[in-house]
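A short write-up of the structure that comes next.
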Amino acid sequence: MTVDGLRYVFDLLTNTDTPKQSFWFALLTEQAGATATGTSIQEPIAGSYERARIDNVSGSWEISGTSLNNGVEIEFVPATEYWGMVRGWAMCTDNLDGKVIMLEMFET
């Protein structure tokens with residue numbers, strides 16, 4: 001979870017924010033860390049690329065033990081040109097910038 005992700009959860013617990021209606025998943029082409037933002041992450045620059053939306057509704061998420069998993073497939077538009085090497089993913093609050101709630105880098 002990122003710094004903004006921890007703030008988001010804290011704000012939900014203290015009733016200073018409301019749940020987001022949807023989240024946007026980004027593919028990462030460069031390393032990102034806990035202080036990443038929706039404008040600092042590096043994503044594919046191809047014109048065919050766009051973030052994938054998941055509505056924050058019942059059924060979109062599953063809890064298994066201490067893990068939170070997506071309950072629906074995350075589908076990106078098909079690539080019509082080279083997107084580059086995808087090195088990870090990020091869950092963002094906006095389709096263009098916003099906050100990064102969590103991210104994961106792939107093992108290489």
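The values are calculated or read from the model by the stated rules, or taken from the named source; none is laboratory data. Since the structure is predicted, the reported quantities are computational estimates derived from the model, not experimental observations. Here the Cβ is made from the backbone with ideal geometry for all residues, glycine too, and neighbour counts use every protein chain on show. To get the accessible areas, we keep the full protein, side chains included, count just its heavy atoms, and leave off ligands, DNA and RNA. Shrake-Rupley method; radii C 1.70, N 1.55, O 1.52, S 1.80 Å.
A few notes on this one:
- Charge dipole of the chain about the Cα centre (unit charges at C-beta), most positive-ward option of Thr14, Val100, Thr80: Thr14
- Near Phe25, the amide H atoms lying under 5 Å from its own belong to Ala52, Arg53, Ile54, Cys92; only residues 5 or more places off or on other chains count, and H is placed 1.01 Å from N.
- The chain: relative contact order as a whole-number percent, Cα under 8 Å and 6+ apart: 37 percent
- Cα centroids of region 1-31 and region 77-108: 15 Å apart.
- Tilt relative to the chain, helix 3-13 - C-alpha long axis, 0 to 90 degrees, to 10: 30 degrees
- Convex hull per residue volume in Å³, alpha carbons only, for the chain: 113 Å³
- Rounded accessible area per residue of the chain, 1.4 Å, Å²: 66 Å²
- Placing +1 on the Cβ of every Lys and Arg and -1 on the Cβ of every Asp and Glu, with no other charges, gives region 30-108 a dipole of roughly 140 debye about its Cα centre.
- Accessible-area composition of the chain, carbon plus sulfur, in percent [1.4 Å probe]: 51 percent
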